[in-house]
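Take a look at the structure set out below.
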Amino acid sequence: MTQQGAALQGYNNELVKCIEDLCMQKEQLNKQIQQAEEEKSRLQHEIQTLNEQLECVCENLAQKVASRNELDKILAETEAAYMKILDSSRTLLSVLKKEVGSLKHSPELKTN
């Protein structure tokens, strides 16, 4: 019976050691889970912060694009008006040259 008692004691010791090993593995796994949860939380916070920054950048960009589009419109209108002024100036110059040319041929302006 002593042998059986010794064998039982040996099994018990191994069983206790296995249970202790499992408990240590559980502790290590709990630490890893806690670290992963902290990392997850940190990343979620970063994502939220980045999303807020992205929203601000998108709003700012939309405002700048709208301003640029308005400037493009103003520039196009200004260039069109300027081209009309150039065309009118060219027409005026042409008319003025014709008038001056016909005045040169007028007998009243010829000198004796």
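The values are calculated or read from the model by the stated rules, or taken from the named source; none is laboratory data. Bear in mind the structure is a predicted one, so any value in this text is a computation, not a measurement. As a convention, Cβ positions derive from the backbone with ideal geometry for all residues, glycine included, and neighbour counts pool all protein chains shown. SASA here: full protein model, heavy atoms, side chains in, ligands and nucleic acids out. Shrake-Rupley method; radii C 1.70, N 1.55, O 1.52, S 1.80 Å.
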Determine if region 81-98 includes at least one residue that is charged (D, E, K, R), surrounded by 10 or more Cβ atoms within 10 Å (Cβ to Cβ) and modelled with pLDDT under 95.
yes
Could you tell me which of the residues M24, M1 is of a type in the set (A, V, I, L, M, F, W, C), open to solvent by 100 Å² or more (accessible area, probe 1.4 Å) and under 53 Å from the mean Cα position of the chain (by Cα)?
M24
Got a sec? Which of K64, K98 is without any contact (Cβ under 8 Å) to a residue 40 or more places away in the chain and under 52 Å from the mean Cα position of the chain (by Cα)?
K64
Any chance E52 is open to solvent by less than 90 Å² (accessible area, probe 1.4 Å) and not small (G, A, S):
no
